Amino acid sequence: MSSFVLKMIAIITMFCDHAGDAIVGYLSILNVIGRMAFPIFAFQLVIGYLNTRDLKKYATRLGLFALISQIPFSLLMYICRADIFTLNIFFTLSLGILALVVYDKMQNKYLKWLFIILIIFLGDLAKVDYGYWGVLLILFIYLFCPSIKNAGLLQDKKAIKYFIFITGYFLLCILRYVEYYNLLPITWICTLIFFTFLPFIFMLLYNGKKGPSLKYFFYAFYPLHLIILCFINLVLL
């Protein structure tokens, strides 16, 4: 499964998530399907980080689209959830890149993990989409996903790495919904956990190939689909 296929799955499921907010109402079956999107984006961020020829340009591009996307994202969140303070997913991905750079570049292991912990919890303090969990997931994928070559831990112990990745990822999916345990029925919680966990299959099927190059399409799709959904909600509904 190429990066192109993974990105298409991610943007389709993301569109379902936001369409659920804008058209159906928050916490519909479309939002459940949308739980698949962010883990795939997190995986693709790690792939991009490892393969980019210019890390500074890659990080700058993420930051630029974070700024471009914030107004339509805030508008949609205000319309659907009365929330104008959450920062869009590009900010989450930017923090993830920062955590990976610190992990790879900082030599002092104590300072390294101190800064990484601060970056992870900055996700909550800055109110980025998916909060601390989003940044933590990016780092976890980088360290433990078996289908990512030349990165992470336990490179020569594939069986152990598969076990750690699948088990750890499942536990992270459970952690993701701790705050909802007293708010939603257990059937909803289990369904959300399942659809958040499901992308591990796609990650393990990654074949290392890029596929068709539509780089700026994937970047531009994010703010454009938010604008379209805001228009539908405000004008047509």
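Could you please tell me which pairs satisfy a Cβ distance under 7 Å, a separation of 6+ or placement on different chains, a first residue in segment 48-63 that is within 18 Å of residue 91 (Cβ to Cβ), and a second residue that is among the β-branched types (Val, Ile, Thr) and in a loop (DSSP other than H, G, I, E, B)?
These pairs meet every condition: 58/52.
Would segment 44-63 turn up any residue that is surrounded by fewer than 17 Cβ atoms within 10 Å (Cβ to Cβ), aliphatic (A, V, I, L, M) and outside any loop (DSSP other than H, G, I, E, B)?
Yes, segment 44-63 contains a residue that is surrounded by fewer than 17 Cβ atoms within 10 Å (Cβ to Cβ), aliphatic (A, V, I, L, M) and outside any loop (DSSP other than H, G, I, E, B).
Just to be sure, is residue 156 under 30 Å from residue 220 (Cα atoms) and either modelled with pLDDT under 95 or of a type in the set (D, E, K, R) (or both)?
No; evaluated as a whole, the condition is false for this residue.
Under 8 Å between Cβ atoms, at least 6 apart or on separate chains: pull out the pairs that start in segment 87-115 with a residue that is free of Cβ contacts under 8 Å to residues at least 40 places away in the same chain and end on any residue that is outside any helix (DSSP H, G or I).
Hits for this filter: 91/126; 91/128; 91/129; 112/106; 115/106.
Tally the residues that are outside any helix (DSSP H, G or I) and either among the hydrophobic types (A, V, I, L, M, F, W, C) or surrounded by 13 or more Cβ atoms within 10 Å (Cβ to Cβ) (or both), restricting the search to segment 158-209.
Number of matching residues: 7.
The values are calculated or read from the model by the stated rules, or taken from the named source; none is laboratory data. Computed from a predicted structure; not experimentally measured. Neighbour counts run over all protein chains shown; Cβ positions are idealised from the backbone, glycine included.
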